[in-house]
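Trainee: To start, I am sharing the structure in question, which I have written as structure tokens.
The values are calculated or read from the model by the stated rules, or taken from the named source; none is laboratory data. Being a predicted model, the structure only gives us computed values, none of them experimental. Note: ideal-geometry Cβ built from the backbone for every residue, glycine included; neighbour counts use all protein chains shown. These area figures cover heavy atoms from the full protein model, side chains too; ligands, DNA and RNA do not enter into them. Shrake-Rupley method; radii C 1.70, N 1.55, O 1.52, S 1.80 Å.
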Amino acid sequence: MSSLKDLFNPSGIAVVGASKDPTKIGHLVLRNIVEYGFKGRVYPVNPTATEILGLKSYPAVSTISDKVDVIVVSVPNVKVLDVIDDAGKAGVKHAVVITSGFKEIGNVELENELVQRARKYGMRVLGPNIFGYVYTPVRLNATFGPRDVIPGNVAFITQSGALGIALMGSTIQEGIGISAIVSVGNKADIDDADLLEFFDEDPNTSVVLIYMEGVNNGRRFVEVASKISMRKPVIVIKSGRTEAGARAAASHTGSLAGNILIYETAFRQSGVLSVKSVEEAFDFVKTLSWNPVPTGDRVVVITNGGGAGVQASDTLADDGIFLEKPPQDFVEELRKVLPPFASLANPVDLTGMAPEDWYYMSVKLALQNPQIDAILVLYCHTALTSPIGVAKAVARAIEETKISKPISVAMIGGPDAYEAMRYLTTLRIPAYPTPERAAHALAALLKYRKGREYLVKRISKKQ
Ligand code: COA
């Protein structure tokens with residue numbers, strides 16, 4: 001089992017630099033831990049306080065008699081080494097160092113010293129220069145970000161702090177369920193590869209999203225990422241893609257952003273899905289975490305708008321997915337339930353007058369047909385049907401057939417279409433506001449499947 005097991009499943013956690021002052025980070029982290037409902041023991045550590053947020057406070061970690069697995073450190077940088085010494089001597093094995101003022105401002109020596117001290121005690125360090133971490137299976141939110149993270153199966157590793165906190169909020173807004181959020185900051189010790197090793201073995205995680213500026217050890221990253229990608233998709237937002245971006249990354253976390261082409265090659269080799277934007281990343285996360293991985297890449301597109309169908313076909317083709325003629329038995333079944341003017345090619349065009357029921361029947365038949373691997377549903381809002389009615393028809397088809405097959409939906413139009421999209425999202429049916437985004441996200445799932453096949457072949461050849 002990964003050496004990070006106790007970091008994510010601590011029986012006791014101490015917040016060093018906890019404060020009664022509600023504006024201080026040490027207070028906010030402690031409050032999130034308490035209010036999100038952490039299941040283990042919690043200890044505030046502060047030189048003068050006797051009680052903080054209703055919990056007994058301790059002057060030093062070494063004065064706590066029970067076992068402490070993790071310390072979350074929120075004291076100024078010049079005090080961090082003393083805290084590490086005290087906790088290290090007390091047997092603590094994980095330090096989560098929120099404090100800034102290390103390598104990112106040129107304080108390389110202090111950062112090296114931090115790692116060396118920690119190593120002396122067999123202690124692993126997360127950070128420094130981070131906003132903390134979350135692990136929802138044990139209701140642990142040790143961050144100064146939003147409190148009410150939605151539990152789910154997506155692990156999010158972020159090298160950016162403020163952007164990471166904002167994205168933490170976006171996951172709530174987007175209805176994305178989280179297993180873990182880990183701020184890695186300067187990655188002085190624990191890095192992406194260590195975390196991927198943990199998430200590979202973690203039964204609560206099925207998709208990993210990384211916001212990355214740079215990696216410390218590229219070879220190890222490729223090795224670990226290839227291994228996890230055979231079981232779980234990894235999506236990476238690699239920033240610092242341009243010279244200007246790379247310069248910004250260097251002054252942000254002290255990272256060398258490196259040549260993007262080298263990164264892209266490494267991602268391809270290790271089956272990692274590389275994305276350029278936050279929007280694309282979240283789109284992929286929804287389709288990959290809410291759908292099963294298909295066995296093939298035969299997609300059927302069902303639409304009420306020819307134009308939407310064309311746009312989606314183009315996007316799929318750009319992503320290497322080419323639409324084939326739909327299976328004959330599917331066409332025959334459709335012919336029985338659809339009017340003669342519906343176009344039974346691929347895309348299946350139900351025409352602009354399509355009522356909810358035509359969507360229900362065609363989605364149901366596509367789900368039931370074993371020669372169809374994935375379904376793309378496109379709906380353009382017309383005055384003839386209500387978007388929510390179409391969304392409910394799609395959901396009913398899935399509910400009634402109880403068939404779990406990759407699906408992606410576009411609800412195109414105004415506020416009512418947006419509401420219908422939100423409705424599907426609450427049911428964990430990936431839905432998007434444009435045909436291109438729905439198609440591109442579905443293609444990502446199919447691309448992942450292909451990448452995984454390639455990895456399995458490559459590894460089995462080696463053995
Ligand atoms: N053990 C325990 N508590 C200690 C301590 C020690 N050795 N030394 C000091 N403290 C206490 C302080 O007394 C204070 O508590 P109080 O309010 O009761 O007096 C508390 O720890 C915090 O110390 P303080 O000096 O008030 O610092 P701060 O809260 O203003 O700032 C940091 C501390 C870590 C937040 C700040 O140095 C920092 O690095 N900020 C940037 C953090 C950041 O942005 N990280 C990256 C995010 S992405």
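Trainee: In terms of the Cα gyration tensor, with a ≥ b ≥ c the square roots of its eigenvalues, is the range 293-450 rounded because a/c is under 1.5, prolate because a/b exceeds b/c, or oblate?
Mentor: Verdict is rounded for the range 293-450.
Trainee: Filter the trypsin sites (Lys or Arg not before Pro) in the range 340-447 down to the DSSP loop ones having no more than 11 other Cβ atoms within 10 Å, then list what survives.
Mentor: LYS402
Trainee: Would you compute, from DSSP H runs of 4+ residues alone, the mean residue ellipticity of the chain at 222 nm, taking -39500 (n - 2.57) per run and dividing by the full residue count, rounded to the nearest 500?
Mentor: Mean residue ellipticity at 222 nm (helix-derived): -13500 deg cm²/dmol.
Trainee: Once you order the gyration tensor axes a ≥ b ≥ c over the Cα atoms, which shape class does the range 151-255 get: rounded for a/c under 1.5, otherwise prolate or oblate by comparing a/b with b/c?
Mentor: Taking the square roots of the gyration eigenvalues as a ≥ b ≥ c, the range 151-255 is oblate.
Trainee: If one computes the Cα centroid of the range 53-114 and of the range 170-213, what distance in Å separates the two points?
Mentor: One Cα centre to the other: 22 Å.
Trainee: In vacuo Debye scattering of the range 1-135, one point per C-alpha: log10 I(q)/I(0) at q = 0.13, 0.21 Å⁻¹?
Mentor: With no solvent term, the Cα-only Debye profile gives -0.48, -1.32.
Trainee: Please list, in chain and number order, the residues 5+ apart from VAL301 or on another chain whose amide H is under 5 Å from its amide H, with Hs placed from the backbone.
Mentor: Amide H neighbours of VAL301: VAL348, LEU376.
Trainee: Let me ask another. Convert each backbone phi in the range 259-269 into a coupling constant with the Karplus relation 6.51 cos²θ - 1.76 cosθ + 1.60 (shift: θ = phi - 60°), then list the ³J(HN,Hα) values in order as whole Hz, x for Gly and Pro.
Mentor: Ordered by residue, 3J(HN,Hα) equals 7, 4, 5, 5, 4, 4, 5, 4, 5, 4, 4 Hz.
Trainee: Could you please state, rounded to a whole Å, how far the C-alpha centre of the range 294-315 is from the C-alpha centre of the range 422-463?
Mentor: 15 Å
Trainee: What does the accessible area per residue of the chain come to in Å², with a 1.4 Å probe and no ligands, DNA or RNA counted?
Mentor: Heavy-atom accessible area per residue stands at 41 Å².
Trainee: Further question: How would the chain be classified by its alpha-carbon gyration tensor: rounded, prolate or oblate, with rounded meaning a/c under 1.5 and the a/b versus b/c comparison settling the rest?
Mentor: prolate
Trainee: Within the chain, what's the longest stretch lacking chymotrypsin sites (Phe, Trp or Tyr not before Pro) that sit in DSSP loops with no more than 15 other Cβ atoms inside 10 Å?
Mentor: Between exposed loop sites, the widest span is 1-321.
Trainee: Considering only protein heavy atoms and a probe of 1.4 Å, how much of the accessible area of the range 149-290 is carbon and sulfur, as a whole percent?
Mentor: Its accessible area is 55 percent carbon and sulfur atoms.
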